[in-house]
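The next block holds one structure in the form of structure tokens; read it before the comments.
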Amino acid sequence: MGYVDAVISTTGLIEFAPLNELTIEQFHTTVNNKILGHINLFQIAKPHIKQGGSITFTSGYVAQNPMPGSSAVSFVNAALDAFVKAAALDLGDSLHINTVSPRFVKETMLLMGMNSETGISAADTAKAYRHSIEGQETGQSFDVVDYIN
């Protein structure tokens, strides 16, 4: 099997619920999928990424800007951001590891029947992922808003 230049992960099953209604099962689902799923992917993918390549995970806006019902989701996104900061210290220049923090994507909002006025297009969202792959930064969280023209 050959090597790849980069891996991007946008996965993560998450549960939004007010803290007083959030079950331990919902919390476990969020942690297991969003944090442990990405760490598992990292361990599987790392041997197949070229020296100096890139792995980019998707965290989320609510890591730094929580909203009602986002306690579990804010926690796991902030934890993922912290993981890449710490991992970058261990990896040095061998691999660039970052997160991208997207907002709600317009096209997804439309598919869900939501008002998409406040959403960001998939094309603009992709610019942050492209920067993560092509840039030399590591251990960073890139906010999609910073890449809108």
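Laboratory data are not the source of any read-out in this text; all were calculated from the coordinates shown. Since we're looking at a predicted model, the values are computed, not measured. Virtual Cβ from ideal backbone geometry, glycine too; neighbours counted across all protein chains shown.
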### Query
Near LYS50, which lysines are there with a Cα under 23 Å away, not counting those fewer than 8 places off in the same chain?
LYS85, LYS127
## Note on the structure
the chain: relative contact order from alpha carbon pairs under 8 Å, six or more residues apart, as a whole percent, is 24
### Built amide H within the under 5 Å cut-off of ILE8, gap 5+
THR56
### Query
Which whole-Hz ³J(HN,Hα) couplings does segment 139-146 yield from phi under the Karplus relation 6.51 cos²θ - 1.76 cosθ + 1.60, θ = phi - 60°, glycine and proline marked x?
x, 10, 10, 9, 7, 3, 4, 5
### Query
Got the relative contact order for segment 1-73 handy, in percent, Cα pairs under 8 Å and 6 or more residues apart?
52
### Query
To the nearest 20 debye, what is the magnitude of the charge dipole of the chain about its Cα centre, counting +1 on the Cβ of each Lys and Arg and -1 on the Cβ of each Asp and Glu?
200
### Task
Please work out the FRET efficiency for the pair ALA86 and MET112, using the Cβ-Cβ distance as r and a Förster radius of 30 Å; give the result to the nearest 0.05.
0.30
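How much net charge surrounds ASP124 when only the other residues with a Cβ under 10 Å from the Cβ of ASP124 are counted, with Lys and Arg +1 and Asp and Glu -1? Could you put the intermediate results ahead of the total?
Values: positive: ARG103, LYS106, LYS127; negative: none.
Residues near ASP124 contribute +3 overall.
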### Task
Within 10 Å, count the other beta carbons around each residue, average over each peptide in 99-108, 16-25, and list them highest first.
99-108, 16-25
### Message
Within segment 129-149, name every residue whose backbone N is under 14 Å away from a label modeled 7 Å from Cα of ASP93 along the Cβ vector.
### Response
136-138
### Query
Mind listing P(r) for the chain? All alpha-carbon pairs, 5 Å bins, whole percents.
2, 10, 17, 21, 20, 15, 9, 4, 1, 0
### Query
Which ³J(HN,Hα) values, rounded to whole Hz and listed in residue order, are derived for segment 68-85 from phi using the Karplus coefficients 6.51, -1.76 and 1.60 in 6.51 cos²θ - 1.76 cosθ + 1.60 with θ = phi - 60°, glycine and proline given as x?
x, x, 10, 4, 5, 5, 4, 4, 5, 5, 5, 5, 5, 4, 5, 4, 5, 5
#### Entry: Expected 222 nm ellipticity per residue - DSSP helices of 4 or more, -39500 (n - 2.57), all of the chain, to 500
-11500 deg cm²/dmol
### Query
For the chain, with the dipole built from +1 on Lys and Arg beta-carbon atoms and -1 on Asp and Glu ones, taken about the Cα centre, which of GLY69, SER9, GLN51 lies farthest toward the positive end?
GLN51
### Query
Given H placed on each backbone N at 1.01 Å, which residues far from PHE104 in sequence or on other chains put an amide H within less than 5 Å of it?
ILE120
